[in-house]
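The structure appears below as structure tokens.
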Amino acid sequence: MNALRPLTFGAMTIASFFSFAMFAHAQEVKHERLLPELVKIADEDGKKVYNICEICDGVSETAVIRSEIRCHNTYSIAKLFTCTAIGILEDQGKLNVDDPVYPIFEKKFPTDFDPNWKKVTISDVMRHRAGFATDSLDIDTNNAAEWKDRNFLNIVLSQPLPNEPGSKFVYTDATFYLASRIVSEITGEPLNQFMIRELLEPLQFAEYAFSTDPEGFPIGATGMYISTEDMAKLGQLYVQDGVYNGKRLLSKEFVDKAFERNFELNPLDKEGNAFAKGGMNGQYLYMNRKTKRVVALHSFNADVGAIVKYVLEHDK
């Protein structure tokens with residue numbers, strides 16, 4: 001007696017046919033675009049939002065609410081770009097985020113530096129756990145022209161670290177200026193030059209500008225001027241596990257690590273799908289690993305909370 005064989009459609013079995021059909025159906029699932037309602041919220045808030053960009057099902061759309069200028073300061077969202085540059089260096093095998101910081105700057109520390117600096121890792125820096133007591137090196141709120149020391153790296157490395165490195169979260173721009181200088185020490189070029197070549201050009205950014213210290217090194221923590229639609233592309237890179245336009249720019253291993261360690265990616269839900277990074281004066285980058293939706297906005301003191309609340313309630 002002949003053994004029964006599975007019914008086929010050409011070379012495809014019934015089981016594989018239905019598996020393929022289910023996959024195709026899943027691929028065709030469309031998510032509701034939230035942008036029209038977000039624009040209404042922004043209008044009701046007095047048009048304090050400049051632009052909102054939404055990437056939904058891979059399609060980017062930007063609403064221009066106030067058309068004064070194209071590029072805006074991302075403020076602290078710049079920190080996520082700096083983290084990404086470090087991730088690229090880790091992927092290239094040039095560093096590990098668990099490496100200590102001290103050997104990178106050994107010859108640049110002052111003679112009386114705090115011994116705790118020898119315990120600080122790059123990961124501590126990216127998680128605001130280097131050991132600082134308070135915020136420092138904030139060019140957005142302080143007048144840097146009044147600082148007597150024009151060597152910003154010396155300002156940072158001279159700081160005492162009263163907290164045990166890795167133990168306490170203290171949000172400070174000083175750590176991300178240090179992250180910027182880590183990139184320059186490893187690559188031999190300023191952060192912005194490295195990032196333009198390895199990240200911004202592959203993401204097809206239209207234009208960009210950077211605030212720098214007196215020596216020409218980007219601040220890393222703030223002062224990155226880009227368009228809203230280009231800012232959204234960074235979120236798209238992360239929700240697509242490091243791939244943009246079919247090309248891998250960042251390893252999935254680093255992307256997972258960035259989400260798990262909260263390298264400037266702050267969780268918004270218990271399921272671990274929604275994350276965001278905010279910036280001073282109402283800048284925001286939202287991303288959802290499950291739905292692949294990204295929402296980016298530039299504003300000046302807008303009610304960002306209302307926009308985020310709507311997105312969280314409807315991004316399913």
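The values are calculated or read from the model by the stated rules, or taken from the named source; none is laboratory data. Not measured: the values here are computed from a predicted model. Cβ: placed from backbone, ideal geometry, glycine included. Neighbour counts: every protein chain shown.
Remarks
- Every condition in (1) more than 25 Å from P214 (Cα to Cα); (2) surrounded by fewer than 14 Cβ atoms within 10 Å (Cβ to Cβ); (3) in contact (Cβ under 8 Å) with a residue 40 or more places away in the chain is met by E201 except one, and the failing one is (3).
- Residues that are buried (at least 18 other Cβ atoms within 10 Å of the Cβ) and β-branched (V, I, T) were ranked within segment 63-77; the one that is nearest to A221 (Cα to Cα) is I77.
- Any chance G235 is modelled with pLDDT of 95 or more, among the small types (G, A, S), in a loop (DSSP other than H, G, I, E, B) and within 15 Å of the chain's Cα centre (by Cα): no
- Hey, Y284 closer than 27 Å to Y177 by Cα and either outside any strand (DSSP E or B) or among the hydrophobic types (A, V, I, L, M, F, W, C) (or both) or not: no
- Residues of segment 287-313 satisfying the condition of being in a strand (DSSP E or B), over 20 Å from T82 (Cβ atoms) and of a type outside the set (A, V, I, L, M): N288, S299
- Members of segment 228-266 found to be surrounded by 21 or more Cβ atoms within 10 Å (Cβ to Cβ), out of contact with any strand residue (DSSP E or B) (no Cβ under 6 Å at 6 or more places or on another chain) and of a type in the set (A, V, I, L, M), listed by number: L234, L250, V255, A258
- Unique residue being in contact with a Pro (Cβ under 9 Å, 6 or more places away or on another chain) and either of a type in the set (D, E) or assigned to a strand (DSSP E or B) (or both) when the list is F275, F259: F275
- Matching residues, segment 168-192, being assigned to a helix (DSSP H, G or I) and over 12 Å from G220 (Cα atoms): E185, I186, T187
- Selected residue (criterion: surrounded by the fewest Cβ atoms within 10 Å (Cβ to Cβ)) from residues of segment 95-152 that are in contact with a Phe, Trp or Tyr (Cβ under 7 Å, 6 or more places away or on another chain) and not in a loop (DSSP other than H, G, I, E, B): K118
- The single residue among F210, F217 that is among the aromatic types (F, W, Y), crowded, with 16+ Cβ neighbours inside 10 Å, over 28 Å from C56 (Cα atoms) and touching a Gly at 6+ places or on another chain (Cβ under 9 Å) turns out to be F210.
- Among the conditions (1) in a helix (DSSP H, G or I); (2) surrounded by fewer than 23 Cβ atoms within 10 Å (Cβ to Cβ); (3) modelled with pLDDT of 95 or more, P165 misses just one, which is (1).
- Within segment 184-198, restricting attention to residues that are of a type outside the set (S, T, N, Q) and closer than 14 Å to L80 by Cα, the residue that is surrounded by the most Cβ atoms within 10 Å (Cβ to Cβ) is L191.
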